[in-house]
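Working notes, beginning with the structure itself.
Read-outs: derived from the displayed coordinates by stated rules, not from any lab. Being a predicted model, the structure only gives us computed values, none of them experimental. All Cβ positions, glycine included, derive from the backbone under ideal geometry; neighbour counts span all protein chains shown.
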Amino acid sequence: MDEEEQRGSTEIAIPKWLPTFADMMTLLMCFFVLLLTFAEMDIKRYEQIAGSMSQAFGVQRRIVAESVPMGTSVIALEFSPGVPRPTPISERYQQDDALPEPAPDAAADEATPDLELTEQMKRNVEAQIRATQADAAALAEKLTAEIARGEVEIETSGRRIVVRIRERGSFASGSAELKPEYQALMRQFRDVLAAQEGAVEVQGHTDDVPIATARFRSNWELSSARAVSVAEPLLEGGVLDPRRLSVTGFADARPLVANDSADARARNRRVEIVIDQGIDRQLREQLDALKTVDPAYYRSLRLEEAGGGRGGVVR
């Protein structure tokens, strides 16, 4: 067989499609090897590879991933044919319920106005309390002599002014009759109260020594009778609106100090005139908010103490 016949028989033995088929098989093998590598990987590695492939194959579709993407579904689930458009590789569409991502910027924006509002509320409350303290100082100027003798004390507690009349000099022991000089003082004090805003409560207090006389069966009756004796000159002449006034007897239920000595019992025997200047609706709403936001500061204002509480002494 000559050389030309041998060359022709060789061309007939090897089909022309065989090289193309071999190339295709090689590519398919590489492709399945690539898919196999996707079966075991971490999310960050998947993001890098998927980002590159999204630019080569098409537009990435958003699909909520319930678990780590597996290699057998990368192409079928994550990609579809279309016009190639670049997709940022840092963009991740996997939801991980176990590791929620906080939003610190939004939290900071919300916290700042709350802090500013709290400071504004504190300034409003402190301004009201300073106004009450100024009114108490004006009352103290009119009772300078009695305060110097230790017969009268004036205190503030939040929005309350407490004028404390001690038994010494005002009442005889076991008696509810107010001495004449104190009746004149109460008439003078009445004119001052008429110019002040707020409710007025006259409170009678005794020590813990029981009393049983023909007139008073208990300390409750004695404390109430003494409060009435102080209230009567305050109501004379119709200067003070009686709707603003109330009278209460507490007996020994609210002592200033422990009844463990003669001096302590003498201090607890007293009548207090409590001027409650009150809190308007807007300020009350601010105080309710402060009570929640800063309870320690709210307690320091002493706004919920009953009359006769230990507030700031006006001298």
(request) Be a star and scan the range 201-225 for residues whose amide nitrogen sits under 19 Å from the point 7 Å along the Cα-to-Cβ vector of residue 173. (result) 205-220, 222-223
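May I ask you to derive the FRET efficiency for residue 215 and residue 263 from their Cβ-Cβ distance with R0 = 35 Å, giving the value to the nearest 0.05? Mind dumping the intermediate values first?
Values: r = 26 Å, r/R0 = 0.75.
Using R0 = 35 Å, I get an efficiency of 0.85.
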(request) Could you calculate the FRET efficiency of residue 123 with residue 194 from 1/(1 + (r/R0)^6), where r is the beta carbon distance between them and R0 is 41 Å, rounded to 0.05? (result) 0.85
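Any chance you could run the full-extension gain for residue 254 through residue 145? It's 0.36 nm times the residue separation minus the Cα-Cα distance, nm to one decimal. Provide the component values of the computation, followed by the final result.
Numbers: separation 109, 0.36 × 109 = 39.24 nm, distance 2.71 nm.
Residue separation times 0.36 nm, minus the Cα-Cα distance, leaves 36.5 nm.
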(request) Quick one: which residues, 5 or more positions from residue 249 or on another chain, have an amide H under 5 Å from its amide H? H modelled 1.01 Å from N in the peptide plane, none for Pro or chain starts. (result) 204
